[in-house]
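> Attaching a single structure in structure tokens format; questions to follow.
The values are calculated or read from the model by the stated rules, or taken from the named source; none is laboratory data. Not measured: the values here are computed from a predicted model. Cβ atoms come from the backbone with ideal geometry, glycine included; neighbour counts cover every protein chain shown.
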Number of protein chains: 2
Amino acid sequence: MFESAELGHTLDKKTFDKELPGLRAALLDAQYELVERRGFQVILIVSGVDGGGRRETVHRLNEWLDPRHIETHGMGTPSDEERERPEMWRFWRALPAKGKIGIFQGSWYSDPFIRKVYGKIKNADLEEAMDRNVRFEKMLADEGALIIKFWFHLSKDRQEKRLKALEKDPATRWRVTERDWRHFKLYDKFKKTADRVLRLTSTAQAPWYIIDGSDERYRSMTMGRILLQVLRQRLDSPPPVHSIPGLPSLPRVDENNLLRALDLSLSVDKQTYNQKLEQLQGRLAMLVRDPRFQKHAVVAVFEGHDAAGKGGAIRRVTGALDARYYQVIPIAAPSEEARAQPYLWRFWRQIPRRGHLAIFDRSWYGRVLVERVEGYCTEYDWTRAYNEINDFEAQLHQHGIIVCKFWLSISKEEQLERFKAREKIAFKHFKITEEDWRNREKWDQYEQAVCDMVDRTSTDIAPWVLVEAEDKQFARLKVLQTLCDRIKQAL
Amino acid sequence: MFESAELGHTLDKKTFDKELPGLRAALLDAQYELVERRGFQVILIVSGVDGGGRRETVHRLNEWLDPRHIETHGMGTPSDEERERPEMWRFWRALPAKGKIGIFQGSWYSDPFIRKVYGKIKNADLEEAMDRNVRFEKMLADEGALIIKFWFHLSKDRQEKRLKALEKDPATRWRVTERDWRHFKLYDKFKKTADRVLRLTSTAQAPWYIIDGSDERYRSMTMGRILLQVLRQRLDSPPPVHSIPGLPSLPRVDENNLLRALDLSLSVDKQTYNQKLEQLQGRLAMLVRDPRFQKHAVVAVFEGHDAAGKGGAIRRVTGALDARYYQVIPIAAPSEEARAQPYLWRFWRQIPRRGHLAIFDRSWYGRVLVERVEGYCTEYDWTRAYNEINDFEAQLHQHGIIVCKFWLSISKEEQLERFKAREKIAFKHFKITEEDWRNREKWDQYEQAVCDMVDRTSTDIAPWVLVEAEDKQFARLKVLQTLCDRIKQAL
């Protein structure tokens, strides 16, 4: 794997100087095309051994390309803010938008890699982390990103020589740290781990390029030419095609399905409601003030038929909470900023820190509901989304976040009543739009999509709760009750 | 995930009887189209809880379809023969050819699943096994296979009722075993593990379908209709397209590369050769007779330029071995049988049992050498092959198999000499063909492919050894020496 990179490649100054202007011009051309078209983003990982030229490469890239369209991320130790969130949160935040180039010196590889070298995790843990990376990059690639991963290598001899040379020169001495020498002593372990990591994560969609880092000119020229080739190839090709067909729903063999099986006659009288509401709100307030809740957080998702009473249910939840600790996030059609990112990006941004609650009024499930039914994305897009969403929620769960998902269900007749009422009452008029009526016409398709969604994303770690919402009061109590139970269970 | 499958779906006899003939006719039509076109194979996994109807489903399938084109695999505990090989070997052997339907009752899911339920492995191990399955199925799908995975589910109540009912009836009593009741006691653990397994392995290319198993008619009709839908969808669509471009090679920045860096002047005189040859052959013979070798096996791969002396080197190896314990496998263009299978299939078949050696004269690397250079496969095919091959070899390594890969390298001039000599000497004439001359014209392209191959598949667990073969004697000694060292190291 490192054979080519230990040959001691070199490039003489004359050739380098002759070829550089052409390369730079071509790279700039490609970058401007990327910027203008905004069709995809470039994610560039710069990794490798100490002294292999990572820093200089990042410098070169910012020199050769227009730095206004480049975002460089150092990504060292996570900040306090970052540690409060799942591991991948900070990388999601740093993803470049379409048209941009994001350079990651330090990435989703760094932490598990170093921990393995230092013997803090086992092989199985490393493999799990690498599989997570493969899935993450697959999702990014499926969302259109171009991923280029550079690994700068030095043989053991050359690394030693290079560190010593840097140390000798007063101008560069500061760059060699204790940590570098400590790493050097672990060279063999480092190389063995790199071999494993590169083997596990070099995929057709996101391959590693291993580059001999010993000669500055060779290294830069090689990196530049690979970048140019891959970028040009993508710019000059039609957009990637995925001919994987949409996932079939369970065939309708009988008339039974999850939504029709709900007992919508469930209701509660006013007095019981008032009494229980107070009781449950009190319980919820206590639970989130429990010191043990500081190790957790809540992500609550509210989906449901139009006019099913999501807003009212959410207000009964927030009524129990201190405004400093929760946020209600209404989800509408994505903004231009969000459309320039993978679809999960705007939800990752809103993941709460520990001890906090995020309440989503509609959510990432739009992908497999409205986007599927209305054809806003391809069949392959919503098909893979089930998997991606499960992955996303598993990461939240792993971090201790309690994921509660509610589907508020009403009958088609009740919806009609509520629509009519909204149209009549002036102060509720804003709540009913043409779109609501249009959605209503596709009732059966939405029903199918909801059943598929529950079948494919209701998991042990993030179950769906179907809420009988024909009676609003009953629905609100069930939501509160579920939230309390789930939090209690997690503490 | 199991919500829909716990609703207690049913189908009345009248509707069933009315719909069945049409379904069966349509399924048979689809099957015959599959058989005639031989464009892809169907891999059908039948899994789920005890009493959920797996057995009956397999029975149904064999009744409804033409059983001559179905292969049903029970896949219980591995046989002695199978235990001698890597875990996936028996599944590779059982893969259906294009045009066939392979039904797996018991599959690559069963063993890790059961071991997790019984607490014999940890979560991380389960996740690793499931990632292996995802990679395996991705490869199968990329090779064209249609994968359909059924999971038959029963709620806890229904499972208990069903087991009791089966036990009551003298005609079915035999079917309920101690094991079934033992499993039932683990129902909750079983379901939790299933939730995890299905979540991790339900991908767009190989999704799970969870079916309520409680009512025989509902279950069969649902299964039949999903099968029909998925099969028809595939038969009626153009073949899947992958627009992922081929992996770029390292740009040629200087004139140095792995093959050119070899010192082809290395040679050895006749006397030293004879002496060393005897010595190394003796050492090799001793090593494979070492009792500890019975826990290992050797897979040796010989690749090289045409006329580089692979045959001669192989004979010097086998000269040291007892014919009962090794096999030389010459690899030519794939047979019709092999072409109806994923490309790695014919190599998996030849994996040696413990204590044995398999020597491949050319190998699976044909995919990234001749098939790449001659355009016998798509760019996406050879690009993903690097990864698939690394995966394959990692599985061999995990099983204790020592994987030795030799590239025998000669200069273009030396090759010309040898070609000419072969044409002159009558008994060597058969060794030189038109194809050899044609390959020679593409020397540079092959050189590039070899360098890429080494860079992308030479790993710690299965390194490439580049052998300077301008002097045949030197090459033979280096091969023997390497083999001895690698075996020694593993013992």
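> State whether the residues of the range B:231-238 include one that is free of Cβ contacts under 8 Å to residues at least 40 places away in the same chain, surrounded by fewer than 19 Cβ atoms within 10 Å (Cβ to Cβ) and not in a helix (DSSP H, G or I). Talk me through it step by step, then tell me what you get.
Taking the range B:231-238 as the starting set, the residues that turn out to be free of Cβ contacts under 8 Å to residues at least 40 places away in the same chain are B:233, B:236-238.
Remaining after also requiring surrounded by fewer than 19 Cβ atoms within 10 Å (Cβ to Cβ): B:233, B:236-238.
Filter once more, so that each one left must be not in a helix (DSSP H, G or I): B:237-238.
Yes, there is a match, as at least one residue in the range B:231-238 is free of Cβ contacts under 8 Å to residues at least 40 places away in the same chain, surrounded by fewer than 19 Cβ atoms within 10 Å (Cβ to Cβ) and not in a helix (DSSP H, G or I).
> If we keep just the residues of the range B:239-262 that are under 28 Å from the mean Cα position of the chain (by Cα) and within 7 Å of chain A (Cβ to nearest Cβ), which is farthest from A:H242 (Cα to Cα)?
That would be B:P248.
> So, restricting to strands (runs of 3 or more DSSP E) that lie completely within the range B:264-371, which ones have at least 3 residues that are among the small types (G, A, S) and crowded, with 19+ Cβ neighbours inside 10 Å? Explain how you work it out, then say what you get.
Details: elements: B:297-304, B:326-330, B:357-361.
Once the strands (runs of 3 or more DSSP E) in the range B:264-371 are filtered for at least 3 residues that are among the small types (G, A, S) and crowded, with 19+ Cβ neighbours inside 10 Å, what remains is B:297-304.
> Next question, about the same structure. Quick one: A:P86 ticks every box in (1) more than 26 Å from A:K295 (Cα to Cα); (2) under 18 Å from the mean Cα position of the chain (by Cα); (3) assigned to a loop (DSSP other than H, G, I, E, B) bar one, so which box is it?
In the conditions (1) more than 26 Å from A:K295 (Cα to Cα); (2) under 18 Å from the mean Cα position of the chain (by Cα); (3) assigned to a loop (DSSP other than H, G, I, E, B), A:P86 misses (1) alone.
> When A:E417 is evaluated against the numbered criteria (1) under 15 Å from A:D306 (Cα atoms); (2) surrounded by 18 or more Cβ atoms within 10 Å (Cβ to Cβ), which criterion, by number, is the only one it fails?
Answer for A:E417: the failing condition is (2).
> Next question, about the same structure. Looking for something free of Cβ contacts under 8 Å to residues at least 24 places away in the same chain and not charged (D, E, K, R) - is there at least one such residue anywhere in the range A:45-59? Quick ask: steps written out before the conclusion?
In the first step, residues of the range A:45-59 are kept if they are free of Cβ contacts under 8 Å to residues at least 24 places away in the same chain; the result is A:59.
Filter once more, so that each one left must be not charged (D, E, K, R): A:59.
Yes - at least one qualifying residue is present in the range A:45-59.
> Return the pairs, sorted by first residue and then second, in which the second residue is among the β-branched types (V, I, T) and crowded, with 24+ Cβ neighbours inside 10 Å, the first residue lies in the range A:207-224 and is assigned to a strand (DSSP E or B), the beta carbons are less than 6 Å apart, and the residues are 6+ apart or on different chains.
A:I211/A:T222
> Also, I was wondering about something else. Limited to the range A:334-345, what total is found for residues that are within 18 Å of A:I43 (Cβ to Cβ) and either in contact with a Gly (Cβ under 6 Å, 6 or more places away or on another chain) or not hydrophobic (A, V, I, L, M, F, W, C) (or both)?
We begin by selecting, within the range A:334-345, every residue within 18 Å of A:I43 (Cβ to Cβ); these are A:337-345.
Still in the list and also either in contact with a Gly (Cβ under 6 Å, 6 or more places away or on another chain) or not hydrophobic (A, V, I, L, M, F, W, C) (or both): A:337, A:339, A:341-343.
Residues in the range A:334-345 being within 18 Å of A:I43 (Cβ to Cβ) and either in contact with a Gly (Cβ under 6 Å, 6 or more places away or on another chain) or not hydrophobic (A, V, I, L, M, F, W, C) (or both): 5 in total.
> Quick one: A:F150 ticks every box in (1) exposed (fewer than 14 other Cβ atoms within 10 Å of the Cβ); (2) not in a helix (DSSP H, G or I) except a single one, so which number is it?
(1)
> List the residue pairs whose Cβ atoms are under 9 Å apart, where the first residue sits in the range B:166-186 and is in a loop (DSSP other than H, G, I, E, B), the second is aliphatic (A, V, I, L, M), and the two are 6 or more positions apart or on different chains.
Sorted first by the residue in the range B:166-186, then by its partner, the pairs are B:T172/B:A165; B:T172/B:L166; B:V176/B:L163; B:V176/B:L166; B:L186/B:V117.
> Return the only residue of B:V241, B:V230, B:V288 being β-branched (V, I, T) and farther than 30 Å from A:A206 by Cβ.
None of the others qualify; the one that does is B:V288.
> Can you tell me which residue in the range B:153-179 is surrounded by the fewest Cβ atoms within 10 Å (Cβ to Cβ), limited to those that are charged (D, E, K, R) and under 34 Å from the mean Cα position of the chain (by Cα)?
So, considering only residues that are charged (D, E, K, R) and under 34 Å from the mean Cα position of the chain (by Cα), the one surrounded by the fewest Cβ atoms within 10 Å (Cβ to Cβ) is B:R179.
> Then there's this: Tell me the residue from B:A30, B:A25 that is assigned by TED's automatic domain parsing to the domain that holds B:L154, in a helix (DSSP H, G or I) and buried (at least 21 other Cβ atoms within 10 Å of the Cβ), please. Please lay out each step first, then the result.
On the way: B:A25 fails: buried (at least 21 other Cβ atoms within 10 Å of the Cβ).
So the residue among B:A30, B:A25 that is assigned by TED's automatic domain parsing to the domain that holds B:L154, in a helix (DSSP H, G or I) and buried (at least 21 other Cβ atoms within 10 Å of the Cβ) is B:A30.
> Right, next: In this structure, is A:I121 within 26 Å of A:P240 (Cα to Cα) and of a type outside the set (G, A, S)?
no
> Among the residues of the range B:33-45, write down those that are basic (K, R) and surrounded by 13 or more Cβ atoms within 10 Å (Cβ to Cβ).
Selection gives B:R38 alone.
Per-residue answers, yes or no, for (1) in contact with a Cys (Cβ under 8 Å, 6 or more places away or on another chain); (2) more than 24 Å from A:T318 (Cβ to Cβ); (3) of a type in the set (K, R):
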| position | (1), (2), (3) |
| --- | --- |
| A:R346 | no, no, yes |
| A:R362 | no, no, yes |
| A:Y365 | no, no, no |
| A:C377 | no, yes, no |
| A:E413 | no, yes, no |
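> Anything in the range A:433-473 that is more than 23 Å from the chain's Cα centre (by Cα), in a helix (DSSP H, G or I) and among the basic types (K, R)? List them, or say none.
A:R438, A:R440, A:K472
> Scan the range B:465-485 for residues that are crowded, with 20+ Cβ neighbours inside 10 Å and closer than 15 Å to B:A297 by Cα and jot them down.
Residues satisfying the conditions are B:L483, B:C484.
> Still on this structure, I have one more. Which one of A:A261, A:A338 is touching a Lys or Arg at 6+ places or on another chain (Cβ under 6 Å), modelled with pLDDT under 95, closer than 30 Å to A:R440 by Cα and of a type outside the set (K, R)?
A:A338
> Now a separate question. Let me confirm something: among A:A469, A:A462, A:A426, which residue is over 30 Å from A:R354 (Cα atoms) and in contact (Cβ under 8 Å) with a residue 12 or more places away in the chain? Write out each step before concluding.
Working: A:A462 fails: over 30 Å from A:R354 (Cα atoms); A:A426 fails: in contact (Cβ under 8 Å) with a residue 12 or more places away in the chain.
Being over 30 Å from A:R354 (Cα atoms) and in contact (Cβ under 8 Å) with a residue 12 or more places away in the chain holds for just one of A:A469, A:A462, A:A426, which is A:A469.
> Please state which of the following conditions A:S47 fails to meet, knowing it meets all the rest: (1) outside any helix (DSSP H, G or I); (2) among the polar types (S, T, N, Q); (3) over 26 Å from the mean Cα position of the chain (by Cα).
Status for A:S47: all satisfied but (3).
> Continuing with this model, one more query. Would you point out the residue of the range A:447-464, among those that are more than 9 Å from chain B (Cβ to nearest Cβ) and surrounded by fewer than 19 Cβ atoms within 10 Å (Cβ to Cβ), that is farthest from A:S411 (Cα to Cα)?
Among those residues, the one meeting the criterion is A:Q448.
> Right, A:M88: at positive phi and touching a helix residue (DSSP H, G or I) at 6+ places or on another chain (Cβ under 9 Å) or not?
no
> Then there is this: Answer with yes or no whether A:V230 is in contact with a Lys or Arg (Cβ under 9 Å, 6 or more places away or on another chain) and either within 7 Å of another protein chain (Cβ to nearest Cβ) or closer than 30 Å to A:R37 by Cα (or both).
Taking the combined requirement at face value, the residue does not satisfy it.
> Against the definition (at pLDDT 90 or above and surrounded by fewer than 16 Cβ atoms within 10 Å (Cβ to Cβ)), how does A:K100 come out, yes or no?
Judged against the criteria, A:K100 is not a match.
> Looking for whichever is surrounded by 19 or more Cβ atoms within 10 Å (Cβ to Cβ) and either acidic (D, E) or at positive phi (or both) here; the options are A:G8, A:G48. Which one fits?
Only one candidate passes the filter, namely A:G48.
> Taking A:E19 as the residue in question, decide whether it is of a type in the set (D, E, K, R) and more than 14 Å from chain B (Cβ to nearest Cβ).
no
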